[in-house]
Every structure is written in structure tokens, then in C-alpha cells.
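Notes to accompany the following structure.
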Amino acid sequence: MASRILVIEENADLRHTLWKTLESGGYEVMVSSDGLQGVRLWEHGHPSVVIVGATLPGLDGVGVTAKIRGSDAPGSRTPIVLSTTAADTEQKVRGLRAGADDVLVHPVHPDELLARIGALLARVSSGETGGRGRILAFYGAKGGVGTTTIAINAAIALGRELKRKTALVDGKLQFGDHRVFLDLDAGSRSIIDVVRSATIDEDLLRSTMVRYSSAIDLLLAPPTPETAELVSGDAHHMASILGHLRRMYEYVVVDLDQHLDETTLDVITMSDRLFVIMTADLACLKNVRLLLHALDQLGVPEEHVQLVLNRSTAFTGIGAADAERAVGRRVEHKIANDYRRAVVGLNSGTPVMMGKGDSPLGKAVLSFVQQVDAQLGAASPAASAS
Ligand SMILES: Nc1ncnc2c1ncn2[C@@H]1O[C@H](COP(=O)(O)OP(=O)(O)O)[C@@H](O)[C@H]1O
Ligand SMILES: [Mg+2]
């Protein structure tokens, strides 16, 4: 039996084109021009895929996505493709956040449309869209607090100790230092190789990720600061990359830049958890207060944000309880002070978690990821991909 596809699109030309193309690909097509009516068709028509336009009367594309994903019906996991024009980049990010599986930016060549729908259906039948991976973003309240150290070691602990399929993304595009921390050579493939390509897809990402010691896959930052612009120039490159990665991995760990530009904000809004790394000093406390306020303004749900006090056992004259009082929030995680291990790990290019993990730092990071994993539960979007 032919797979049935529901197209919800306001623009009559586009609706017609999608319809004809899909029909020529052998699909059975249902169409609607209205969001609410589209949701009713989804309820009764049991399509295999929904293609929904970003802007619609009644309920827009993001609203339709949220409604389907939020429903108790068995079809609530139906693959959804958000269809948009390049100008609707904001919708794109919101759509991915709401749970869309793919974004189609028009104009799209008919062959590409059919290829994408085919790939999506293949993934469904292999069970791959049964869930989605979690994005864990790490943000330093100021430079030098240990954000990169914690992000890298947390990713390794997830991959090596918890056996989760994990990707580590260096989101510090201009001065990313994962190459140095992990002792990789400057010529390693990077995010630049992804954004230089005309279309970003899973195959491309798979061939760009650098395997690290059979524990995790890395998406490295551009090799030089001036090339970073190629990524951040289109603020939504990162969003589309993360949209793919979270279907390929159980966890996507992102080491963020401190600068709150659009790329960083996209990652923050897409993440399932934002870990704010801080130390117990006045500059950090001030920045955390400002950051929490900014995140609130941006509509980031409070429960997505957790504070991590690094070097918590170091004496600074400010204890964890004082820090909590100062920022008006609980510190959810504490990482012990272990300068010797941290710095030897760094200078030797072998992170602490690659060792036996019996040091204070190793233990603290492991217990941190165990808590995170327990809270977020096992989502295995890509168990079949290798
Ligand atoms: N828990 C820790 N205990 C002691 N030193 C640490 C700890 N975490 C990180 N460091 C050290 O702090 C310095 C800055 O770490 P880094 O991860 O580069 O910070 P950031 O990414 O926030 O700039 C490094 O020398 C690192 O070894
Ligand atoms: Mg860093």
C-alpha cells in the first residue's frame, strides 16, 4: 500500500507542487490549507508523514507540530516536516523545538523532496524516530571556570561509562579548543566542512564527525577564528545541525561560547538542559544573576536550566549556600576541585575521564552525568545508526 502523506500548506502554488511531486513519487496525498483542519485530517487520515507550512491560517506550522506531538493518539510520533521559505528562520528553530523531524526550505528540487521523504520513511520503519536525543548545552558564567573541561569529560563519561551514543560539539566557533584538549591535529574535519555544503544532512554529518577513542564523536570548531564567520554568518546553521544530530545520537553535548549571539541563543533554546558552569566568586555570581534574568526574558523554561558549581571544594570564602542565596537559585550539581588532574589532563591532551576515573574530578563528573541521565531518561533515537 502506498504511504499516505498529509500536506498542510496555505500557498496554493506550493500546495499544488508538493501534491503533484509526491503523487509522482507514488504516494497517496491528502491536502489542507488550514492548520486546524489539517490536524483533524491527521487524526482521521493516519498519514505516514505530515508536511506542514510554517505560516498558516488557524494554527501555524509550529502550532500544528506542537498539537500533534502533544496528543495522546498513537500517531503522535508521525514524522513532521516543516516547510518554509528561507526567510522564516525563526519559525524553523521553533519548529525543531516543537518536535518537527526535518525542515524543508523552498524552493526544493522535486528529487530532493522525494529523497527526503523516502529517507524519513526509511528511518521510521527502522524505528529510528521512536525518540529523540537530548541536547545538553554547557555555558560558562565567565571564562576559565571549567566549562570545556566539564563538557568534554561529561561527554566521554556518557559515551564510555554509560554507553550512550554521544556527540560532542565545540560551539565556541572562533576559539574552540577541543583540538588542544583532545590532542587532535589542526587538519581534522570541522563544522566548516558541514556548512560549506549546499545541503546539510545526516550523511554529511556522519562523514564529518571525528571519532574520538571509540567513546564519542566530535564536531570540531573551525580551525581558525576568521573562518568561524562561515558558520555564524547564517545564525541558523547550528540549529539545523543540532536538529540532525539529535536524531543521530542519544546525547548531543555542546560547549558554548560565552558571547550570547544568535548561534548561541539557538543552541540554548533548543537544548533540553542548559548547564551554567560557575565558580564561587563575585564575578560569576553577578553574571549568573544577569544570565538567569536574560534566559527568563527569552522564555527558556526554568526547569531546563541547572547551575553547576565547579571547583566546589576550593576555598573562596563563598560557600555553595552563599552562592545559592546570591543568585536565588539552587545549585543542582557540584564538581570537586581537582586542579592537578584537570590541568594534567589538559596539558597531556588526555581528559580525566579517559583514565580510571577514580580521581575526585572523574568521580564528580560521572556522578553528574548519572544524575542527568536519570532525569532525562533514555531516549534512543538512533540505535540503528552507527
Ligand atoms: N574541577 C576543577 N578543578 C580544578 N581545576 C579545574 C577544574 N575544572 C577546570 N579546571 C581548570 O580550569 C582551567 C580552565 O578550564 P577550561 O575548561 O578551559 O575553562 P573554560 O572552558 O570555562 O574557559 C583549566 O586549567 C582547567 O584545568
Ligand atoms: Mg572553554
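Every number here is computed from the coordinates shown, using simple stated rules; none is lab data. This is a predicted model, so every value here is computed, not measured. No Cβ is skipped: glycine too gets one built from the backbone with ideal geometry, and neighbour counts run over all protein chains shown.
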Please report the antiparallel percentage of DSSP beta bridges with both residues in the chain, rounded to the nearest 5.
5 percent
In whole Hz, what ³J(HN,Hα) sequence does segment 9-26 give by Karplus (6.51, -1.76, 1.60; θ = phi - 60°), x for Gly and Pro?
8, 6, 5, 4, 5, 5, 4, 5, 4, 4, 4, 5, 4, 5, 4, 5, x, x
Hypothetical label at His106: residues of segment 11-37 whose amide nitrogen lies under 19 Å (7 Å Cα-Cβ projection)
11-25, 29-37
With labels modelled as points extended 7 Å from the Cα through the Cβ direction, what inter-label distance (nm, one decimal) is found for Ala283 paired with Gln297?
2.2 nm
Diffing segment 31-44: the Karplus 3J(HN,Hα) column from phi (6.51, -1.76, 1.60, θ = phi - 60°), in whole Hz with x for Gly and Pro, holds 10, 8, 10, 9, x, 5, 5, x, 5, 5, 5, 4, 4, 9
Scoring the chain by relative contact order with C-alpha pairs under 8 Å, at least six apart, yields a percentage of 17 percent
Long-range HN-HN contacts of Val31 with modeled amide H, under 5 Å:
Val7
What ranking, highest mean first, results for peptides 368-374, 250-256 when packing means the other Cβ atoms within 10 Å averaged over each residue?
250-256, 368-374
Which entries in the list Lys165/Lys356; Lys92/Lys172; Lys20/Lys165; Lys142/Lys334; Lys92/Lys163 go over 28 Å, if you measure between the two C-alpha atoms of each?
Lys20/Lys165; Lys92/Lys163
I'd like the projected area of segment 172-290, averaged over all directions, using the convex hull of its alpha carbons. Report it in nm² with one decimal.
8.2 nm²
Convert each backbone phi in segment 184-189 into a coupling constant with the Karplus relation 6.51 cos²θ - 1.76 cosθ + 1.60 (shift: θ = phi - 60°), then list the ³J(HN,Hα) values in order as whole Hz, x for Gly and Pro.
9, 7, 4, x, 4, 4
Spacing of the two label points (7 Å from each Cα toward its C-beta) at Ala12 and Ile200, in nm
3.6 nm
Which of the peptides 157-166, 183-192, 63-72, 272-281 is most tightly packed, and how do the rest follow, going by the mean number of other Cβ atoms within 10 Å of each residue?
272-281, 157-166, 63-72, 183-192
Starting with the fewest neighbours, write out Ile335, Ile8, Ile318 ranked by other beta-carbon atoms found within 10 Å of each beta-carbon.
Ile318, Ile335, Ile8
Using the Kirkwood radius over C-alpha pairs as Rh, can you work out the diffusion coefficient of segment 4-130 via Stokes-Einstein at 4 °C, viscosity 1.567 mPa s, in µm² per second?
92 µm²/s
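To one decimal place, what orientation-averaged projected area in nm² is obtained for the convex hull of the Cα set of segment 165-238?
Values: hull surface 19.3 nm².
Across all orientations, segment 165-238 yields a mean hull projection of 4.8 nm².
Please report Trp42, Trp19 as a ranked list, fewest other C-beta atoms within 10 angstrom at the top and most at the bottom. Could you put the intermediate results ahead of the total?
Working: Trp42 25, Trp19 17.
In increasing order of surrounding Cβ atoms, one gets Trp19, Trp42.
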What is the packing order of peptides 12-18, 296-302, taking the mean over residues of other C-beta atoms within 10 Å and listing the highest first?
12-18, 296-302
From DSSP H assignment alone, runs of 4+ in the chain each adding -39500 (n - 2.57), the sum over residues rounded to the nearest 500 puts [θ] at 222 nm at -12500 deg cm²/dmol
Simple label model, 7 Å out from Cα along Cβ direction - Ser213 to Gln375, nm:
2.6 nm
Calculated on alpha-carbon atoms, Rg and Dmax of the chain in Å:
21.8, 71
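Listing Phe315, Phe175 from the residue with the fewest other Cβ atoms within 10 Å to the one with the most, what is the order?
Numbers: Phe315 9, Phe175 13.
Going from least to most buried by this count: Phe315, Phe175.
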Segment 288-384, convex hull of Cα, quarter of hull surface, nm² -> 8.8 nm²
